[in-house]
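The next block holds one structure in the form of structure tokens; read it before the comments.
Values in this text are rule-based calculations from the coordinates and carry no lab data. For clarity, every value in this text was computed on a predicted model and none was experimentally measured. Glycine gets a Cβ as well: all are built from the backbone with ideal geometry, and neighbour counts include every protein chain shown.
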Amino acid sequence: MSDTNSPKWLKPALEFGPLLLFFVAYLKLKDQVFTIGGTEYLGFIVVTAGFIPIFLLSMAALWKLTGHLSKMQIITAVLIVVFGGLSVWFNDPKFFKMKPTIIYVLFGGALALGLMRGKSYLQYAMDGLMPLTDEGWMILTRRMMGFFFALAILNELIWRTQTEETWVYFKTFGLTAAIFVFFMTQGKLFKDHGIEENSTE
């Protein structure tokens, strides 16, 4: 399946749209309390409940568009359903706030396991998205492993010590910006260890 005939904005919209919708909905509903089935739910819980199906629908649309979902996207979707569902079920936002921590610990741990075996699971997970030498992949994997663990620690510090609204801003913009900055700082690595790909496209 190919997405060559689709608008260029559609794929990033499906990837980042649900998170932005979560952010906008949270700002509108954060101070409200909803009574559902005799139980009071804060706006954060209601927004989380709405975010789960929207995210899954966007992933389904992305799969239909591209015919492919990365392993990271699949793992993220599972954890969103599990921890988002726990937050809604127990009416406790801490489960959803812990989700990024769990995701980054799992990713960092998987990369660490691969490194101990002398392999770059990052190369496998990214499906050859970036053409690098084997040495380049190993270097990037070590850096990415440390980066994931750092994000896990940072998420824990933010949600446990700051306000809920601060965490939402951090989740929506801070984590995305951190990942962008990380890859921007890897320019020398990509230059030194990049390889040419033979392609007819």
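Rundown of residues vs (1) within 21 Å of the chain's Cα centre (by Cα); (2) surrounded by fewer than 17 Cβ atoms within 10 Å (Cβ to Cβ), yes/no style:
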{"position": "144", "(1), (2)": "yes, no"}
{"position": "148", "(1), (2)": "yes, no"}
{"position": "151", "(1), (2)": "yes, no"}
{"position": "177", "(1), (2)": "yes, yes"}
{"position": "182", "(1), (2)": "yes, yes"}
{"position": "188", "(1), (2)": "no, yes"}
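Could you please find all residues in the range 6-38 being polar (S, T, N, Q) and within 21 Å of residue 171 (Cβ to Cβ)? Steps first, answer last, please.
Start the filter on the range 6-38 by keeping residues that are polar (S, T, N, Q), which leaves 6, 32, 35.
The answer is 32, and nothing else.
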Of the residues in the range 62-74, those that are more than 23 Å from residue 88 (Cβ to Cβ) and part of a helix (DSSP H, G or I) number 7
Counting only helices (runs of 4 or more DSSP H) wholly inside the range 108-171, the ones holding at least 1 residues that are under 30 Å from residue 31 (Cα atoms) and among the acidic types (Asp, Glu) are 134-161, 164-169
Those residues of the range 21-31 which are touching a helix residue (DSSP H, G or I) at 6+ places or on another chain (Cβ under 7 Å) and either part of a strand (DSSP E or B) or surrounded by 12 or more Cβ atoms within 10 Å (Cβ to Cβ) (or both) amount to 21, 22, 23, 25, 26, 29, 30
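Which of the residues that make up the range 64-101 are among the β-branched types (Val, Ile, Thr), under 11 Å from the mean Cα position of the chain (by Cα) and within 22 Å of residue 158 (Cα to Cα)?
Our first condition is that a residue be among the β-branched types (Val, Ile, Thr); within the range 64-101, this holds for 66, 74-76, 78, 80-82, 88, 101.
The next check asks that each one be under 11 Å from the mean Cα position of the chain (by Cα); those that pass are 74-76, 80, 101.
Hits for the range 64-101 are 76, 80, 101.
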Scanning the range 40-64 for residues that are surrounded by fewer than 18 Cβ atoms within 10 Å (Cβ to Cβ) and more than 20 Å from residue 85 (Cβ to Cβ) gives 61, 63, 64
Residue set 67, 37, 85; condition loosely packed, with under 15 Cβ neighbours inside 10 Å, more than 30 Å from residue 123 (Cβ to Cβ) and out of contact with any strand residue (DSSP E or B) (no Cβ under 8 Å at 6 or more places or on another chain); output residue 37
